[in-house]
Amino acid sequence: MNNTLENKLAILNRLSLLKNIGKIILRIIGAGLALIIGLWLIMASNMGPAYLPHIMNGDLDFWIRMTLLGVGLGVWISIAVWLLWLILCCFYDLIRRH
């Protein structure tokens, strides 16, 4: 009977390890996709001719480009803050356990 209990505990330990690894992988993939989208927005803000040259004599183009640039940089800054927060939480848990 004790043998089955040890087997169940070993299986539970492996499952919790797999869950944690899965969370880490999903966070890395999510952060990578967000960084790619942010880079695409930053690049889109600087390429091509005027977006709507016939509206407001082309002045609307400046606001469209600055909005794309701001959103792209905002995504990058938010991802950096999020990753820093995760790292600090991990260090806090490590310090608290010991």
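The values are calculated or read from the model by the stated rules, or taken from the named source; none is laboratory data. All of these numbers come straight from a predicted model, not from anything done at the bench. In this analysis, Cβ positions are derived from the backbone assuming ideal geometry, glycine residues included, and neighbour counts consider all displayed protein chains.
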Requested in this report: Any chance you could count how many residues in segment 77-98 are closer than 22 Å to Gly38 by Cβ and not aliphatic (A, V, I, L, M)?
Outcome: 3
Report summary line: Residue pairs within 7 Å by beta carbon, gap of at least six or interchain, first lying in segment 34-50 and closer than 13 Å to Gly74 by Cα, second aromatic (Phe, Trp, Tyr) and in a loop (DSSP other than H, G, I, E, B), listed first then second, are none
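With the requirement that a residue be surrounded by 11 or more Cβ atoms within 10 Å (Cβ to Cβ) and more than 20 Å from Ile37 (Cα to Cα), what does segment 52-76 give you?
Leu52, Pro53, Ile55, Met56, Gly58, Asp59, Leu60, Asp61, Phe62
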Requested in this report: Within segment 33-64, track down each residue that is polar (S, T, N, Q) and touching a helix residue (DSSP H, G or I) at 6+ places or on another chain (Cβ under 8 Å).
Outcome: Ser45, Asn46
Query raised in the report: Between residues in segment 78-98 that are farther than 16 Å from Ile28 by Cβ and of a type in the set (A, V, I, L, M, F, W, C) and residues that are assigned to a helix (DSSP H, G or I) and at pLDDT 90 or above, which pairs lie under 7 Å by C-beta distance while being six or more apart or on different chains?
Result: none
Query raised in the report: Would it be correct to say that Phe91 is at pLDDT below 90, under 30 Å from Ile21 (Cα atoms) and assigned to a helix (DSSP H, G or I)?
Result: yes
Report task. Considering only residues that are more than 31 Å from the chain's Cα centre (by Cα) and outside any loop (DSSP other than H, G, I, E, B), look in segment 51-66 and name the one that is nearest to Trp76 (Cα to Cα). Result -> Asp59
